[in-house]
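**Q** Sharing a structure with you now.
The values are calculated or read from the model by the stated rules, or taken from the named source; none is laboratory data. Every value quoted in this text rests on a predicted model; they were computed, and no experiment measured them. Glycine gets a Cβ as well: all are built from the backbone with ideal geometry, and neighbour counts include every protein chain shown. For accessibility, only protein heavy atoms count, side chains too; no ligands or nucleic acids. Shrake-Rupley method; radii C 1.70, N 1.55, O 1.52, S 1.80 Å.
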Amino acid sequence: MSRHPDTDADVLIIGAGPAGAAAAAWLARAGYRVRVLERDHFPRFCLGESLLPACMEDLSRAGLLDSVQRGGYQVKDGAAFTWRGREATVDFRDQPGPGWRHTYQVERADFDQRLIHAASGQGVEVEFGVTVTEVHPDHRRPRLTRVDQHGRTRVLTARFLLDASGPGRVIARALSLARPPRLAPRQALFSHVDDGIRDAAFDRDKILIAIHPREAGVWYWLIPFSGGRASLGVVGDPAALARHGGTPEARWQALLDAEPRLRGLLRDARRRRPLGELQGYAAAACRLHGPGYAVLGNAGEFLDPVFSSGVTIALRSALLAAPLVARRLDGEAIDWAAAFETPLRRGIATFRAFVEAWYDGRLPAIIFHPRQPASLRRQISAVLAGYAWDDDNPFVRAPNRRLTALARLCAHRPSPGGGP
């Protein structure tokens, strides 16, 4: 327990999503008094439903993996891609080195609640329905102001703050840390469906990613859940999506009708929830740490949904930060730039390079080419499995250079059908 009763907690964490739950659980298991403040009431809907195998290691380190494995979630062992009738697969079981070969596809309402419930069981104090309105950094006693759903205000003090507020980006907004993201703004339309899929060839153990047959920058996700449900979405430049209808509902239907593989798979599907819409979701921050605080996961930077990197980055940031917080609270001087921000951003940069290569055509050219060198295919599979911090992988050490070189190699080794 805390040796500092003059504070409300050793560590105050803003946000009860995966980053907040993982950091809280790790610190509570290490003996610190942790309090989590969450604006919403759980369960609540959230995107980011397709995990990556690298998540499993960080969930295990946080003491949360057993709870996840009891969730009955749909197993995920890779990704399937389709474009103009062509099929390709990235199989997480086909990668070099140690590491998990599978993970899960999860409905986040249940997944997030399960994580924070497990953290609470390890001694974490959690408050739901409270909004953080002010943040005051300080090396010794950072503090924040929180307002509950009845309008009652209270100032809380701690020895350290962690911001895991996701798209709320509490500290980045309060301290003007936001900067323009490097990725172009895009829009997503999405829903959950009873998928009604009867096609025996459909592999529910893989997320399905489809590319629009005529709009190269527009793509779809189909994430199968257990129980015959699925998450379904379409992503693209807002102007490109707008060409397909005047209202979100009209665009949604026209875009789904345009992709033959999804149209066939989902002919009996029924929507389970209203159509959702997100735009301009990419975000970045100029700094991820400061006096008495660190910023985790999407509260600092969010890229794009295409390779499911959000929860992976959130968990990795939490498991990078939590041991450093413990050392800091035990009196050790921490170089947060060297020990936290630099390594975290290195993995984010790897994911960003793959996202950029997806939208500029280099990665589809590689994925859909039937004659990829096997060793390079395995290295790409490892990155897409979330191992974006593995410096033994050349696609981590120099992702842009490697992706460009491989795309050129594929262009000079044409497929039998004259592929991309």
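**Q** Towards the positive end of the charge dipole of the chain, with charges on Cβ (+1 Lys, Arg; -1 Asp, Glu), say which of 55, 21, 245 has the farthest Cα.
**A** My answer, from the dipole projection, is 245.
**Q** Still on this structure, please answer the following. P(r) of the stretch 55-124 in 5 Å steps, Cα pairs, percent per bin?
**A** 3, 14, 21, 19, 15, 12, 8, 5, 2, 1, 0
**Q** Quick check of the Kirkwood formula: for the stretch 191-281, what is the inverse mean of 1/r over all pairs of different Cα atoms, in Å?
**A** Numbers: mean 1/r = 0.0739 Å⁻¹.
Roughly 13.5 Å, rounded to one decimal.
**Q** Can you pull the percent of the chain's accessible area that's carbon plus sulfur, 1.4 Å probe, other chains left in place?
**A** Answer for the chain is 50 percent, counting heavy atoms of protein chains only.
**Q** On to the next question. Work through the residues other than residue 100 whose Cβ is under 12 Å from its Cβ and net out their charges, Lys, Arg +1 and Asp, Glu -1.
**A** Numbers: positive: 76, 93, 101; negative: 57, 58, 77.
After counting each charged neighbour, the total is 0.
**Q** Calculate I(q)/I(0) for the stretch 229-363 by the Debye formula, one identical point scatterer on each C-alpha and no solvent, and give its log10 at q = 0.11, 0.21, 0.22 Å⁻¹ to two decimals.
**A** Calculated log10 I(q)/I(0) at the listed q: -0.57, -1.25, -1.32.
**Q** Using the crude model of +1 on Lys and Arg Cβ and -1 on Asp and Glu Cβ, and no other charge, please compute the dipole size for the chain relative to its Cα centre, in debye to 20.
**A** Using Cβ point charges on Lys, Arg, Asp and Glu, the chain gives about 640 debye.
**Q** Rolling a 1.4 Å sphere over the protein heavy atoms, what is the accessible area per residue of the stretch 292-369, to the nearest Å²?
**A** 25 Å²
**Q** Can you give the FRET efficiency for residue 205 and residue 392, using 1/(1 + (r/R0)^6), R0 = 30 Å, r = Cβ-Cβ distance, to the nearest 0.05?
**A** Approximately 0.65, to the nearest 0.05.
**Q** Taking the chain as a Gaussian network, Cα atoms linked when under 10 Å apart, which of 205, 335, 163 shows the biggest mean-square fluctuation?
**A** Evaluated over the chain, the most mobile residue of the options is 335.
**Q** Among (1) 71, 45, 39; (2) 93, 53, 38; (3) 64, 60, 35, only one was calculated for this model; which label is it, if the read-out is Cα extents along the principal axes in Å?
**A** Label (1) holds the value from this structure.
**Q** Report the charge-dipole magnitude of the stretch 51-120 in Debye, nearest 20, computed about the Cα centre from +1 at each Lys and Arg Cβ and -1 at each Asp and Glu Cβ.
**A** Numbers: 9 positive and 10 negative charges, 25 e Å.
I would put it at about 120 debye.
**Q** Here's a follow-up. For residue 408 and residue 374, what is the calculated FRET efficiency with R₀ set at 25 Å and r taken between the beta-carbons, to the nearest 0.05?
**A** Computed FRET efficiency for residue 408 and residue 374 comes out at 0.85.
**Q** Now a separate question. Could you work out how far apart the two model spin labels at residue 145 and residue 198 are, taking each label as a point 7 Å from the Cα in the direction of the beta carbon, and quote it in nm?
**A** It is 6.1 nm.
**Q** Normalised radius of gyration for the stretch 51-91, please: alpha carbon Rg relative to 2.2 N^0.38 Å, two decimal places.
**A** Here the Cα radius of gyration is 1.58 times the empirical estimate.
**Q** Let me ask something else. If you average the alpha carbon positions of the stretch 299-319 and of the stretch 109-139, how far apart do those two centres end up, in angstrom?
**A** 18 Å
**Q** I'd like the distance between the alpha-carbon centres of the stretch 52-97 and the stretch 329-394, rounded to an integer number of Å.
**A** The stretch 52-97 and the stretch 329-394 have Cα centres spaced 16 Å from each other.
**Q** State, as an integer percentage, the relative contact order of the chain based on alpha-carbon contacts under 8 Å between residues 6 or more apart.
**A** 20 percent.
**Q** Among 129, 153, 398, which residue has its Cα positioned farthest towards the positive end of the charge dipole of the chain, with +1 placed on the Cβ of Lys and Arg, -1 on the Cβ of Asp and Glu, and the dipole taken about the Cα centre?
**A** With unit charges placed on the Cβ atoms, the residue in question is 398.
**Q** At 1.4 Å probe size, put 135, 75 in order of accessible surface, largest to smallest. Before the final figure, lay out the partial values.
**A** Values: 135 15, 75 55 Å².
Heavy-atom accessible area, descending, gives 75, 135.
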